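*Asks:* If you scroll down you'll find the structure; I have some questions about it.
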Amino acid sequence: MTNFAIVGCGHIAKKHAEAIDNAEGAKLIAVCDMIPENMEYYTEKYGVQAFTDLAELLKLDDLEVVNICTPSGYHAPIAIQIANAKKHVVVEKPIALTIEDTDAIISACKENDVKLSVVHPNRFRPAIMELKKALDADLVGKLSHANATVRWNRNQEYYDQAPWRGTKSLDGGVLMNQAIHNLDLLLWTMGEVDEVYSMAATRLRNIEAEDVSTGVVRFKNGSLGIIEAATTIYPSNYEESLSIFGETGTIKIGGKTANYVQHWDVKEMDESQVTDLMESVKADPFGKPGHQCIIEDMVEAIKENREPIVTGEDGKRALSLVLALYESADTSKPVKL
């Protein structure tokens, strides 16, 4: 059994606790938060130890992995402290808010020979996995372009829940906080980015960061991409989708949270094959929860002494794309990565 702890007992921590509780080979043994009341849910539901001091938590000899669920701006110092204590690290997206902090996290984990996994759980959705298999098998052929879309609603009450929400120093806007999952999928399927050009605005929410962003991308393989992300959609989440267009295939994964195959036209697949694939995804569009997949993968990575499926470098790539889009929007110029 691999023992886990959670640092930061806000909203997302409950999803981590549930994932650990359901994951094979994992056990939650402790939580840590500066506010004791935030930990009551976990001590009562899971019977775990509670700590207000991270240093004290890290003294637990039987603790092996720590999940970071704090506001994004605090990820780096916490991750480095955990790594220096020789504990493995699972960090919520984004890995950090700057490349300098990200490199410091990655270096600390390498120097201490501990595993580092970034929570980009959407890779484990059945529809997304089918898309990746098709691309890896070259069924779509030479890539033309892609479209990554997040049209969601985060109302003012959402941002007013905590003073750090929507700030540039601790949270970021729609790209950093919501769309970064979709951008990770874009990079995972289309490859490395060469250049971006972006515009952003804060239109409807009283926040410091952007609530709507549009951008165009040139990938290193020569294909192009379009990015649209917003938390301004009325009255609720409308769409998250990823569309891939190639010489011998057109695929769109969509729905409110990119869980369904909305279009699949691939030259080397006949109608019955496509129907079977779409029905298979439709029968179980969510699959095993992505957070649980991340936890179980960390358990196996430790056992097998291998890198987790979603690495620190993967987290850095997604962050680099977001930061390049921000820089382009700020300067009104294309940005090379």
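The values are calculated or read from the model by the stated rules, or taken from the named source; none is laboratory data. Keep in mind that what you see is a predicted model, and the values were worked out from it rather than measured. As a convention, Cβ positions derive from the backbone with ideal geometry for all residues, glycine included, and neighbour counts pool all protein chains shown. Accessible surface is based on the protein model in full, side chains and every heavy atom, while ligands, DNA and RNA are left aside. Shrake-Rupley method; radii C 1.70, N 1.55, O 1.52, S 1.80 Å.
*Asks:* With the condition kept exactly as written, say whether any residue in region 281-297 is touching a Ser or Thr at 6+ places or on another chain (Cβ under 7 Å), open to solvent by less than 70 Å² (accessible area, probe 1.4 Å) and not acidic (Asp, Glu).
*Replies:* Within region 281-297 (the criterion being touching a Ser or Thr at 6+ places or on another chain (Cβ under 7 Å), open to solvent by less than 70 Å² (accessible area, probe 1.4 Å) and not acidic (Asp, Glu)), the answer is yes, since at least one residue qualifies.
*Asks:* Six or more apart or on different chains, Cβ under 6 Å: which pairs go from a residue in region 121-148 that's over 19 Å from LEU277 (Cα atoms) and hydrophobic (A, V, I, L, M, F, W, C) to one that's open to solvent by less than 40 Å² (accessible area, probe 1.4 Å) and in a helix (DSSP H, G or I)? Could you list them?
*Replies:* Pairs that qualify, where the first residue is over 19 Å from LEU277 (Cα atoms) and hydrophobic (A, V, I, L, M, F, W, C) and the partner is open to solvent by less than 40 Å² (accessible area, probe 1.4 Å) and in a helix (DSSP H, G or I), are ALA146/MET190; ALA148/ASN182; ALA148/LEU186.
*Asks:* List every residue pair whose Cβ atoms sit under 7 Å apart, with the two residues 6 or more apart in sequence or on different chains, where the first one lies in region 230-244 and is in contact (Cβ under 8 Å) with a residue 40 or more places away in the chain and closer than 21 Å to GLY172 by Cα and the second, anywhere, is open to solvent by 40 Å² or more (accessible area, probe 1.4 Å) and aromatic (Phe, Trp, Tyr).
*Replies:* none
*Asks:* Related question: Can you confirm whether region 87-95 contains a residue that is part of a helix (DSSP H, G or I), over 15 Å from ALA318 (Cα atoms) and touching a residue at least 12 places away in the same chain (Cβ under 8 Å)? Spell out how you get there, then give the answer.
*Replies:* First, the residues of region 87-95 that are part of a helix (DSSP H, G or I): none.
No, region 87-95 has no match at all.
*Asks:* Quickly run through region 284-314 and pick out the residues that are free of Cβ contacts under 8 Å to residues at least 60 places away in the same chain and in contact with a helix residue (DSSP H, G or I) (Cβ under 9 Å, 6 or more places away or on another chain).
*Replies:* Listed by number, the list holds a single entry, ARG306.
*Asks:* Might you check whether a residue that is surrounded by fewer than 20 Cβ atoms within 10 Å (Cβ to Cβ), farther than 30 Å from ALA104 by Cα and of a type in the set (A, V, I, L, M, F, W, C) occurs anywhere in region 253-261?
*Replies:* So far as region 253-261 goes, no, none of its residues is surrounded by fewer than 20 Cβ atoms within 10 Å (Cβ to Cβ), farther than 30 Å from ALA104 by Cα and of a type in the set (A, V, I, L, M, F, W, C).
*Asks:* Any chance you could count how many residues in region 182-205 are open to solvent by 30 Å² or more (accessible area, probe 1.4 Å) and either in contact (Cβ under 8 Å) with a residue 60 or more places away in the chain or of a type in the set (Phe, Trp, Tyr) (or both)?
*Replies:* Number of matching residues: 7.
*Asks:* Within region 214-224, is there a residue that is touching a strand residue (DSSP E or B) at 6+ places or on another chain (Cβ under 7 Å), surrounded by fewer than 16 Cβ atoms within 10 Å (Cβ to Cβ) and part of a loop (DSSP other than H, G, I, E, B)?
*Replies:* yes
*Asks:* Restrict the check to region 133-142 and report whether at least one residue is within 30 Å of LEU204 (Cβ to Cβ) and either buried (at least 23 other Cβ atoms within 10 Å of the Cβ) or of a type outside the set (Asp, Glu) (or both). Working first, answer last.
*Replies:* So the first thing to find is which residues in region 133-142 are within 30 Å of LEU204 (Cβ to Cβ), and the list is none.
No: zero hits.
*Asks:* Go through ALA108, ALA79, ALA104 for me and flag whichever is more than 27 Å from ARG165 (Cα to Cα), of a type in the set (A, V, I, L, M), part of a helix (DSSP H, G or I) and touching a residue at least 12 places away in the same chain (Cβ under 8 Å).
*Replies:* Details: ALA79 fails: more than 27 Å from ARG165 (Cα to Cα); ALA104 fails: more than 27 Å from ARG165 (Cα to Cα).
Of ALA108, ALA79, ALA104, the one residue that is more than 27 Å from ARG165 (Cα to Cα), of a type in the set (A, V, I, L, M), part of a helix (DSSP H, G or I) and touching a residue at least 12 places away in the same chain (Cβ under 8 Å) is ALA108.
*Asks:* Can you find a residue that is closer than 26 Å to TRP188 by Cα, open to solvent by less than 20 Å² (accessible area, probe 1.4 Å) and of a type in the set (Asp, Glu) anywhere in region 84-93? Spell out how you get there, then give the answer.
*Replies:* Within region 84-93, the subset closer than 26 Å to TRP188 by Cα is 88-93.
Of the ones still in play, those that are also open to solvent by less than 20 Å² (accessible area, probe 1.4 Å) are 89-92.
Subsequent filtering for residues that are of a type in the set (Asp, Glu) retains 92.
Within region 84-93, one or more residues are closer than 26 Å to TRP188 by Cα, open to solvent by less than 20 Å² (accessible area, probe 1.4 Å) and of a type in the set (Asp, Glu).
*Asks:* Sticking with this one: For region 18-30, state whether one or more residues are assigned to a strand (DSSP E or B), open to solvent by less than 10 Å² (accessible area, probe 1.4 Å) and over 10 Å from ILE295 (Cβ atoms).
*Replies:* Yes - at least one qualifying residue is present in region 18-30.
*Asks:* Another question, if that's okay. Applying the selection to region 273-314, what residues are within 26 Å of LEU97 (Cβ to Cβ) and assigned to a helix (DSSP H, G or I)?
*Replies:* GLY290, HIS291, CYS293, ILE294, ILE295, ASP297, MET298, ALA301, GLY312, GLU313, ASP314
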